[in-house]
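Every number here is computed from the coordinates shown, using simple stated rules; none is lab data. The structure displayed is predicted, hence computed values, not measured ones. We place every Cβ from the backbone using ideal geometry, glycine too, and count neighbours over all the protein chains shown.
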Amino acid sequence: MNTPSLAALACALPICLSPLAGHAANDADLAEIRKQLQQIKDAYEQRIATLESKLAKAEGTATTVATTAREAETLARQASLRPPATAPASGFNPEVSLILQGQYRKMKDVEHRQISGFWPGTTHDHDDDHNHGASQRGLSIDHTELVFEANIDPYWRGKAVFAMADGEVETEEAYFQSLALGHGFGLKGGRIRSGIGYLNEQHAHAWDFSDAPLMYSAMFGEHANYTADGAQLKWVAPTPFFLEFGTEIGRGAKFPGTDRNGNGIGDGTLFVHVGDDIGASNSWRAGLSYLQTKAKGRSSGDGFFTAADGSDAVGIFDGKSKTMIADFVWKWSPNGNPKYRNFKLQGEYFQRQEKGSLDCQDDDENPCNGGAGVLSDYKTRQSGWYLQGVYQFTSNWRVGLRYDRLDSGSRKFYENTANIEADNYRPKRVTLMADYSWSEFSRMRLQFAQDKSMQGVTDNQVWLQYIMSLGAHGAHKF
Amino acid sequence: MKKLLFLGFISAILALPAHAALKIFATVPEWGALAQEIGGSRVSVYTATTGLQDPHRVDAKPSLIARARSAQLVVATGAELEIGWLPVVLRESGNREIQPGRPGYFEAAGVVAMRDVPQVLDRAHGDVHAGGNPHIQMDPRNILKVAESLTARMVELDPVEAMAYRSGLQEFSVKWQAAIQRWQKEAASLKGIPVLVQHDAFSYLNAWLGMKQAGVLEPKPGVEPSGAFLADMLARQQAQPARMVLRPAYQYDTPARWMAERAKIPAVTLPFTVGGTPEASDLFSLFDDTIRRLLAGLQQK
C-alpha cells in the first residue's frame, strides 16, 4: 500500500515540475514551489501513516477473527469425528445414483434396422412403433438409469437398477447378493445380468463406446445383454491367481429364448474366469462361457426372411439355442497407476448353434408360398467377434478403436429351403471414438462408425453422447 | 492296536506344519509394512498397491479378488480412500471373514482423529471424502495409534500368537517413539514454513511438523489443474510466497514442476508411503526420507 503511493508521488513530481521549471526562472518562485511541494509531501506522508496504522489495526482484527474461526472449525471437525449417537434414520438409506445419458446421432434412415443374416432379437412388443434412444436419429435422451444399492443385513446385499424412458420403467436388474456364505461362494438371486462374456455384466454407461459391439446385438438383441430372472452361484478358487467358476439358472424369457409360461427352468449358463497380473503394470482376465436356452414360437418379425416370391416371410422357431463365448481383457498402466495413462484391449468371440423347427409364414401368418403350412427342421451355426482398444493419454482424454465382424455361417432350412432366401453375409463395422471426462462422474464422447451390418447399406454414423452420474456411484468391476 | 492308532494320530499332528501364518491383505503399503513390523514371521502380508499407485484410482483387478479370497484380515485406510475398488474386491472374493463389520476387516481411519472432515458434501467440491482426509499415514503419531488397534485385531483373530504380536508391538512402539523424537528434532526448522501441495495429501504431515499449507495445486480434490488455475496460484504465490511445492510420488509431476520453475522454489517429491521412493523401504525410512527431502528442499534456494 505504502510503496506504490510514494512511488506514484515520486513519479508525478518531475512531471509536475518540468513544465513549471521552464517558465519560472527566478529563485524566489522556485523556493516557493519547493515549499509548497514539501507541504504537500508532508500532508501525504501524514495521511499515509494514519491509513497504515488503521490498516494494521483492521488486519489484526481480521487475523483474530480468522484464528477464532479456524479454531471453531477445528472443534467442529473434532466433534464430527464420530457420528452423533442419535444418527438420523436416513443414515440407513441406500446408496442412490442416477445416470443421465443422451446423444445426438446421425445415421441413415433404415426401415428394418437389423443385422443381416442374424435372427432379430426383438422380443419386445413395443419395438415396432417405439424406438429407444439408442436407435433414434437426431437428438434424444437415452434411458435414465436409477440405481439403489445397500447392505440389507450382515448376510445380504441388495441392488436394483431401473431404466426409465418416456412412459416406461424397465427393471434392468434387481437382485440380492450373499455376503456371508464364505469359502469363496457367492450367491445372487433375482433379475441378474448374466456373468457370461466380458461385457454382459456392464451397464451401458460403463461401455467404452456409445453402442455395444455388433456381436452383443446379434446374440441378445437390442439391449445387447443377457438378463434372466433366476439365481447365480459363483465360486472363487483359493488359488494365488484368479480362478472363478459360475453357473446360473433362469427363466430364459429373453432372446435367444422366449418366455414359455412354464414351471420349469428356462435357461442355464456355465462360465469360468481366469485372471492375474503380469508385473505391476499389466492385468488380464480371460473367460469361457456357455448359455443354453429354449425358444417356443420365436417370431422373426418382418424383414428377416424373404419368401422365394420376394415378399416378406415370417419364420417361427421352436428349439434349442446354445451359445459359447470366449473373452479376454488386458489392461496396462504405468506402474499400475491408470489415472493419467492406460490402455485397455478387449476382445470376445461367440459361436451359436440353434436347432429345432421353423414354421414359415407370410405377412398375414398364412403358410409360406401359398402352400400348406411349411414346417421344417432348422439348424444354424453362426459366429462373430470384436476387438477393441482404448487408450487414455491424459487424465481427461481417451481414444478408442473397435472392429466388429460377424459371420452368418451355415443356416439349414431343410423343407423350407425353397421357400426362404438366405444369403450368406458377413456384417462388419469399424468404430472410432474420443471421449473427454471432467471427472470420474462426467464424460462426453464423440464417435464415428462405418456400419456395414446391413447387407447393401454402408451407414456412416456420427454420435455425440454424454454420460453423467449423480450420487453414490459405486465401483465398477474390472 | 489302539496304541498304534494313537501314536499314528500324534505323529500326524506333529507332521502338520507349525501354526500357519495369519494372511493379511493390506490395501496400501504403509499398512502392509506396519502389519509386518508387528507380526514378523507370524504373518504373511500381501499389499494390494505399490507406492507408485494412486490408491484412489485402482481397478478391482482379478489378482486382488484372488488374494482377498484367502485373506484372514484386510487392513484398509477407510475414509473412502479405497471406495473405487475395495468394496467390489471384497464382495467378489466370496470371503465372509473380511467383509466390513467383521473382525477380519480393519480400517485405520477409524482409530485416529480425522482432519478436513467436510461440512458440506457436494461433488461440486470435487472428489471429497465424507470421512475426512484419508492420508493419515503422514503423521507418525497416527501410525502408532493404528499399530495399537491393529495389534488388538491381530490378537483377536490369531490368539495363539497373542504374545508374539504384543511383543512385536512393544518393540515397534519403543523404536517408533524414539524415532518420532528424532524426526521432530531434525525437522524443527520446518516449523512455520509455508508450502504448496499438489494434492491435499499432506494435511497430517503439515499438522505434525507445523508447516503451513499455503495452497493446493488442484482446483478441487482429485481435479487436475488448468493452466489458468496454476497462473492464479502463481500470482498468489508472489503475494504470499511458499517455500516449496510438495507432491506425493504417485502423482504426475507436471503441475508441481510448472509451479516450481516459475515461482523459483524447489519441487519436493515425497515418498508418501513405503516404496514411494527407492529410499523409503520401510516405515522408518519412509519418514527418514520424507524429512531428509523436506530439509533438502528448505536449503535449496
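Quick rundown of the values:
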read-out: Mean separation of Cα contacts under 8 Å (6+ apart) over length of chain B, as relative contact order %; value: 16 percent
read-out: Scaled radius of gyration (Cα, divided by 2.2 N^0.38 Å) that region A:192-302 gives; value: 1.21
read-out: Residue mean of other protein chain beta carbons inside 10 Å, B:93-104; value: 5
read-out: Percent RCO, i.e. relative contact order, over region A:95-471, from Cα pairs under 8 Å lying at least 6 residues apart; value: 15 percent
read-out: Electrostatic dipole magnitude of chain B [Cβ: Lys, Arg +1; Asp, Glu -1; Cα centre; debye, to 20]; value: 400 debye
read-out: Size descriptor, Kirkwood hydrodynamic radius, that averages inverse alpha-carbon separations across region A:95-471, Å; value: 22.0 Å
read-out: Signed unit charges on C-beta, dipole axis of region B:16-182, positive-most listed residue B:S41, B:L81, B:F172; value: B:S41
read-out: 11 Å beta-carbon shell around A:L464, net charge (K/R +1, D/E -1); value: +2
read-out: Highest average packing first - A:425-432, A:244-251, Cβ atoms within 10 Å; value: A:244-251, A:425-432
read-out: Cα-based shape type of region B:188-299, given that a ≥ b ≥ c are square roots of the gyration tensor eigenvalues and the cut on a/c is 1.5; value: prolate
read-out: Cα point-scatterer Debye curve for chain B, base-10 log of I(q)/I(0) at q = 0.12, 0.14 Å⁻¹; value: -0.81, -1.06
read-out: GNM top mover of B:A179, B:A228, B:A256 - chain B, alpha-carbon springs below 10 Å; value: B:A228
read-out: Residues A:D277, A:D211, A:D29, sorted so that the one with the fewest Cβ neighbours within 10 Å comes first; value: A:D29, A:D277, A:D211
read-out: Whole-Å semi-axes of the ellipsoid equivalent to region B:52-190 (Cα gyration tensor, √5λ, descending); value: 27, 24, 13
read-out: Hull shadow area, averaged, region A:371-410 [alpha-carbon convex hull, nm²]; value: 5.2 nm²
read-out: DSSP beta bridge pairing in region B:188-299, given as percent antiparallel to the nearest 5; value: 0 percent
read-out: Choice from B:Q213, B:Q177, B:Q36 with maximal GNM fluctuation in chain B (Cα, 10 Å cutoff); value: B:Q177
read-out: At R0 = 45 Å, FRET efficiency that the Cβ-Cβ distance of A:A206 and B:D282 yields, to 0.05; value: 0.70
read-out: Computed [θ] at 222 nm, helices only, for chain B once each DSSP H run of length n ≥ 4 contributes -39500 (n - 2.57); value: -14000 deg cm²/dmol
